Every structure is written in C-alpha cells, then in structure tokens.
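First comes the structure, then the notes that go with it.
The values are calculated or read from the model by the stated rules, or taken from the named source; none is laboratory data. All of these numbers come straight from a predicted model, not from anything done at the bench. Using ideal geometry, Cβ is built from the backbone for each residue, glycine included, and neighbour counts are taken over all protein chains shown.
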2 protein chains.
Amino acid sequence: MATIADVARAAGVSPMTVSNVINGHPHVRDSTRAKVLAAMTALDYRVNVAARNLRRGRTGVIGLAVPEVNRPYFAQFAAAIIAAAQRRDLRVSIEQTGATRENELAVLGLSRNRLYDGLILSTVGMGAADTEHLKVPYPVVILGERIFNGPVDHVAMPNAGGARAAVRHLADRGCRRIAMLTGVETTEVGVSELRLTGYRLALQDLGLRYDPGLVQRMDEMSMGAAAERVHAMVTGGLDFDGLFCLTDTAAMGALRALADLAVAVPEDVKVIGFDNIEEGRFLVPSLSTVDPDHQAMAESAVGLLARRIDGGAGHEEFVSRFTVIARESTAV
Amino acid sequence: MATIADVARAAGVSPMTVSNVINGHPHVRDSTRAKVLAAMTALDYRVNVAARNLRRGRTGVIGLAVPEVNRPYFAQFAAAIIAAAQRRDLRVSIEQTGATRENELAVLGLSRNRLYDGLILSTVGMGAADTEHLKVPYPVVILGERIFNGPVDHVAMPNAGGARAAVRHLADRGCRRIAMLTGVETTEVGVSELRLTGYRLALQDLGLRYDPGLVQRMDEMSMGAAAERVHAMVTGGLDFDGLFCLTDTAAMGALRALADLAVAVPEDVKVIGFDNIEEGRFLVPSLSTVDPDHQAMAESAVGLLARRIDGGAGHEEFVSRFTVIARESTAV
DNA sequence: TTGTATGCGTTATCAC
DNA sequence: GTGATAACGCATACAA
C-alpha cells in the first residue's frame, strides 16, 4: 500500500516528480524517471484510484443501465459496450432497472454523486413526460428512441423501418394474415408502438387490411409469456399464416408453442423476430430476424458518451442500419 | 455541485453536523437535522462519492470478471450477482476476460488500485500454478473449483457430481454408447476435466467401457463449434446413442447439427447439457440438463465477499447442489 | 449535542 | 527539469 510520498522518499525526489512519471509527463530527465520507476517497482506501488478520482473529478467509469443483463439482447449489447469502453480505458458498471420507470430515474440520480462519468440508459419505463429528469449535470446517452427533448444523445434502433421490412419479408414469402406479438406500451413512443407502426406501414404498402385481432399484446416479453400467448392464439382459432415477434426472445417462445401444437414452421406459419440474437441461428427451425447492428450501436453509444465526457457539445442521434436475415423460419 | 461546506453555511451549522446528518448519526437534535435537510434539498446537495471513497478507503463497488457476459450462463450469473449485490448496497463493475489467463491476472491487478472493494473472479484460463497471483490485499472469491491454495473463498459448481448424474441419467434412459462434448483444458482441474471425471465415474458405476474415441474435445465452447463437431462425429460414422455436452450452449449447437443430419433426438440420440440456461426449456426438443443452482451460487459469492470486505476471516468453500432436469431431449 | 482540526493520496499551479 | 504548496470533499478523533 505504498503511496506516491513513499515512492518519492525512496527515489529521493519530490512527490510531484513521481506523479509526473506516472502520468507520462514529457519534461522528466531519463535518469530521474529510471530512479522513480525503480522505486515504484521495489515498493510495488499502485495508484490509488479513489484519490485520483477526487483530484481529477472523474472516475473513469460509465454506468450502463439496462432492464436485465440476463436477456439475450441486452447481454449482447452489454458485452459490446464493455468491449468498446475497454478500448477507451473506461470501465462499465451495470445497473439493472427491471424496466421500471422508478429504477430508471433512480439510476439517473446516481451519477449525480459523481459515481459515473456518464451514463448509457436504456429507457423502457420512462416516457416523454420524464424529459425533465434527463437534465442532469453529466453526459447521458439514451439507448432508445428520440422521445425526449432534453440535452442528451440518442442511439436508436431502426424500429419502424426494421419492423416494416420484417413484415414485408413475410408478405414476400406469401403470408397474407400476418400477426404481431407485441408489448403493452407504457409510453406512446416506445419500442412496441414504433414497431407496430412499421407493421401497419408495411400492411399499407402491401394493400393488406389492418386487423386489430392480429395484434397480440403481452404484459411481459419473455419466452414463457410468448409461448403461452401463441398457444392461446392457435387453440383459440385465430387465423394467421405469418407472425412477426417484437423480439427474438419472444419468437423463441412462439416457435416452441407452434411445435407443441404441430403447426409447421415455415409451412403453416412463417415466423420472424427482431434483434438477431446469437441463439437464433441454431434454433430448429433457425429464426429469421432483423439485425439492428448492435455492434455499431454500442460503439456509437460509447463514442458519443466519451466525446461528451471530454467536453464535446451538441446532442447527436445515431440510428443504426438494419438488415433482414432470412433463415428457415420464413423459408418458402 | 454543492459541497458539505455549502450546506453547512446555508444551514448555519458546521460541516461536521451536516456529515452526521448524512450518515444518520444518532446524536443530532431534531431541529438541527431539519435545518440541515432543508438546506440539502434547497442546494440539491449530493455526496461526492469519490471524496467519501478516499476518506473511507472503500468504493462500494465489487468487480465481477467473467469470460464474456454475452454467454447465457454468465449472463444469468451476472444478473444474479448484480441483484444480490444491490441488496447489500454494492455496485458491480463487469470485466470481460475472454477466458484468457493473461486478462484474468490483469483483473486481479486492478483491484490493487482500490478500484474495487473485492473481486469475484471466474477462473478459466488460470491454473494451479498461478496460486501466487491470488495473494492480493483484498477479498477475492473464485468462481470455480478449489484449484488454488491461496487465501481465497471458492464458490464451486458440483462439476463431477453433476456430470456423473447426467451420464447416469442417459444410461437410465437406455443409452450405452455415450459420447461427451468437452473442452481442451488448459488446467488439470478445470471444468472440462472435472466433468470428464464425472463422466468416467458414471461409466464405472454402470459397468460401461470407457472409449476415448467418444470423448470429443473442442477448442472453443460455442454453439457454432459444437455444431461443427457433432456434424463431423455423425458424418464420420462415430457410433453413439447418448451425448453429454459440457454446457447447454454447446448442446444447442449439437441439437442443431443433429437436426440437420436428420438424427432424431431423443429417438436416435439422447442429449443432455449442463447449466440449465433459460433457453433450454424452449428449444425443440427441449433440453435436459443439470441445474447447478446459480441463484445460490451468486448469493453465496456476494455473501462471502461482503463478509470478507467487512473484515470476516477464514476461507470458505461453497459447493452448490445440483438437480438433473429431464426434458424432451432425453425422453424415452 | 455540536464544532475544530486534520488527513485520506493525488495532481494543478506556479515558482525555481 | 524539479519541487513547494494547496486543494479536491469528506469523515474520524477529539475537544468543547
């Protein structure tokens, strides 16, 4: 637990010089540097990050608030964020909000304590009415739609566009009664609504009638809930030949339910998801999906945040590009 | 950005009294407390965590080092750890090691900087020879086998026992040529070897011959690699009627490959995994597995760490209990 | 019950 | 090129 002072004493220099060596200042004589480095090694010196943080007014840590890391999509995203942060010498502390407005607001408060240099926040529970809460004295990047006018950067998925393309993909493969498995939205511009908009737009494009009965809303986007709902849809006699699921996770549950009921995929019903989680490739049948390019989103989120932390101004919005990935679940 | 001093001035008391109020000290007159609280609200005061950390010599953050959060098993574990830590008012910062020894050692160095109060480390790349590296001046809980003699707590999975039960489960369902999909182990007491031990013990129990040709080692435990290997096993004419996979993730790849080759599961080959990831329930066929009770492991890991952070002594080992979960992939 | 003094370890400033 | 000084904001020990 040696301190800079200990090192300075051992090397016969002032603490300041040690600090200069540590931080790679240019104006240090080589022989001095060598002495200091030797003393540091001898004493097994380690910087005390807490002291440095206090002095510098920074922590080198960014917060990442997601509903739950144990959801394939967020796990994938978190992994990408951590990797991108690592490249910039930033650490990532993860908060789980459970997708509730309350917890999302609480996380926003945390960074006020200078716990984090900045925050990447996945807003699921918060709505446009909460814009005020985003006026915090540190950089925030919202992972989600541009639903706030506050001074924050946004990294958004191509929700409407991706959904539109997914539904068109189903139609291209011959589907005419396309159902959608979506969520109960707390906000008017959340993921569910935006993808639903894409769904409706696609129907318009295609000249298909919008049938509210085909839009199935679930309280919770879990595999289990999706399986149950699809089970109910089929046994309830709902007529559909295509199914667009809000997420790949929900699609996994849907595929399972269809298998249980001996509804053949893709012959009887074609299924497409959204997110392109890794597991989708290995399901039987493999899952068609919309890939929103998490990699680019993560890189952009960390990049925007880092720029703002370093004093950059202005609020940007990044919308990633999507790709429809055709696999067995929508084969002709 | 008000400080304690600002609040004290506003409330007409000393900084110390403000501090006492913040930290809930008992001996503060109610009227004084009220004054202080009012001033805090008025100035929107927030504790500066960096300063508090420096003073207290603690950060309130624990590190969690795993190969990658984007692997179902570790995602599940991370979620449980974060939740358990939250209950104890600790935050969790995640480091991804990529399962390399190098990075695992690097993480051990990090906490030396008083970045974390303690560390939960999933050792995959490190071996018994690295015991010395664990002698660090802060609490460490190893997630993995008791392969080190260092002063660290262990939270281990019932690797050998779980594997033994899994293989016995296959045999009970009629399998006689049971293959195992495992990893190339860098250490002599890693997960692969321990589960392989369980595999061999089970064969002994059952009076079945050990055939090295049935033990398939892979460099990487990904779904893709597993699929490729199983494909090669089948097309190469390897004769097996049961398959024990090191992880559920590998099993997912295996199931996919078997489906591609029209090998019926469970009729032709029965498959069982290890980990009980959530996805397993929804696969077609659903995946039998060994559940090592992550919840208990996570709770125990955080508990042990918290106890050590608070000065508790002694090194403990917690081995969770397992359950074999029978699903369709091993149905008779 | 409240206040004073002091130090945690680092680094910015500015002088030498 | 190097060093003295001060300050970051808080909490501990002790005094009043």
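Considering each of A:Gly242, A:Gly213 in turn, give the residue that is away from every other protein chain (no Cβ under 14 Å) and touching a Lys or Arg at 6+ places or on another chain (Cβ under 7 Å). Can you show your working first?
On the way: A:Gly213 fails: touching a Lys or Arg at 6+ places or on another chain (Cβ under 7 Å).
Being away from every other protein chain (no Cβ under 14 Å) and touching a Lys or Arg at 6+ places or on another chain (Cβ under 7 Å) holds for just one of A:Gly242, A:Gly213, which is A:Gly242.
Could you pull out every one of the helices (runs of 4 or more DSSP H) wholly within segment B:1-119 that has 2 or more residues that are within 12 Å of DNA strand C (Cβ to nearest atom) and free of Cβ contacts under 8 Å to residues at least 24 places away in the same chain?
Values: elements: B:4-11, B:15-22, B:30-43, B:49-56, B:72-87, B:101-110.
Qualifying helices (runs of 4 or more DSSP H): B:4-11, B:15-22, B:30-43, B:49-56.
Filter segment B:243-268 for residues that are hydrophobic (A, V, I, L, M, F, W, C), touching a residue at least 40 places away in the same chain (Cβ under 8 Å) and farther than 21 Å from B:Glu193 by Cα and give the result. Correct list: B:Leu255, B:Val265. Note on segment A:156-213: residues that are of a type in the set (Gly, Ala, Ser), without any contact (Cβ under 8 Å) to a residue 60 or more places away in the chain and within 27 Å of A:Thr131 (Cα to Cα) total 3. Given the structure, is A:Gly60 within 16 Å of DNA strand D (Cβ to nearest atom) and touching a strand residue (DSSP E or B) at 6+ places or on another chain (Cβ under 7 Å)? Yes: the conditions hold for A:Gly60. Considering only segment A:246-288, state which residues are over 15 Å from A:Ala225 (Cα atoms), among the polar types (S, T, N, Q) and within 13 Å of chain B (Cβ to nearest Cβ). Residues satisfying the conditions are A:Asn276, A:Ser286. Here is a check on your reading of the model: is A:Gly213 out of contact with any Ser or Thr (no Cβ under 8 Å at 6 or more places or on another chain), modelled with pLDDT of 95 or more and under 24 Å from A:Leu121 (Cα atoms)? Considered against the rule, which asks whether it is out of contact with any Ser or Thr (no Cβ under 8 Å at 6 or more places or on another chain), modelled with pLDDT of 95 or more and under 24 Å from A:Leu121 (Cα atoms), A:Gly213 comes out as no. Residues that are more than 14 Å from chain B (Cβ to nearest Cβ) and touching a helix residue (DSSP H, G or I) at 6+ places or on another chain (Cβ under 7 Å) occur at least once in segment A:74-95. Can you find, within segment B:288-332, the residue that is nearest to A:Ala257 (Cα to Cα) among those that are of a type in the set (A, V, I, L, M) and in contact with a Lys or Arg (Cβ under 6 Å, 6 or more places away or on another chain)? Only one residue fits best here, namely B:Val332. Of all residues in segment B:110-129, those satisfying the criterion of being of a type outside the set (A, V, I, L, M) and modelled with pLDDT of 85 or more are B:Tyr116, B:Asp117, B:Gly118, B:Ser122, B:Thr123.
Sort out which residues of segment A:298-332 are among the β-branched types (Val, Ile, Thr) and either part of a loop (DSSP other than H, G, I, E, B) or free of Cβ contacts under 8 Å to residues at least 24 places away in the same chain (or both), and write them in order of number.
To start, the set of residues in segment A:298-332 that are among the β-branched types (Val, Ile, Thr) comprises A:302, A:309, A:319, A:323-325, A:330, A:332.
Of everything in segment A:298-332, just one residue is among the β-branched types (Val, Ile, Thr) and either part of a loop (DSSP other than H, G, I, E, B) or free of Cβ contacts under 8 Å to residues at least 24 places away in the same chain (or both), namely A:Val332.
Checking each residue in segment A:280-297 for being at pLDDT 95 or above and within 18 Å of B:Arg71 (Cα to Cα) picks out A:Gly280, A:Arg281, A:Phe282, A:Leu283.
Okay, residues lined up against (1) farther than 21 Å from A:Ile277 by Cα; (2) basic (Lys, Arg); (3) surrounded by fewer than 24 Cβ atoms within 10 Å (Cβ to Cβ):
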{"position": "B:Asp219", "(1), (2), (3)": "yes, no, yes"}
{"position": "B:Ser222", "(1), (2), (3)": "no, no, yes"}
{"position": "B:Arg229", "(1), (2), (3)": "yes, yes, yes"}
{"position": "B:Gly236", "(1), (2), (3)": "yes, no, yes"}
{"position": "B:Asp248", "(1), (2), (3)": "no, no, no"}
{"position": "B:Ala259", "(1), (2), (3)": "no, no, yes"}
{"position": "B:Ala264", "(1), (2), (3)": "yes, no, yes"}
{"position": "B:Glu328", "(1), (2), (3)": "yes, no, yes"}
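Filtered by the rule that a residue be exposed (fewer than 13 other Cβ atoms within 10 Å of the Cβ), within 23 Å of B:Leu115 (Cα to Cα) and more than 7 Å from DNA strand D (Cβ to nearest atom), segment A:1-41 gives A:Met1, A:Ala5, A:Asn23, A:Gly24, A:Thr41.
Of the residues A:Leu54, A:Leu108, the single one that is within 13 Å of chain B (Cβ to nearest Cβ), within 11 Å of DNA strand D (Cβ to nearest atom) and touching a helix residue (DSSP H, G or I) at 6+ places or on another chain (Cβ under 9 Å) is A:Leu54. Of the set (1) part of a helix (DSSP H, G or I); (2) more than 9 Å from chain B (Cβ to nearest Cβ), all apply to A:Met126 but (1). Listed conditions (1) without any contact (Cβ under 8 Å) to a residue 40 or more places away in the chain; (2) within 11 Å of chain B (Cβ to nearest Cβ) are all met by A:Asp291, apart from (2). The sole residue among B:Glu104, B:Glu145 that is closer than 18 Å to B:Tyr73 by Cβ and modelled with pLDDT of 90 or more is B:Glu104. The listed residues are A:Val47, A:Val69, and the only one of them that is at the interface with chain B (Cβ under 7 Å from one of its Cβ atoms) and over 27 Å from the mean Cα position of the chain (by Cα) turns out to be A:Val47.
Taking the criterion of being aliphatic (A, V, I, L, M) and over 25 Å from the mean Cα position of the chain (by Cα), the residues of segment B:155-182 that qualify are B:Leu170, B:Ala171, B:Ile178, B:Ala179.
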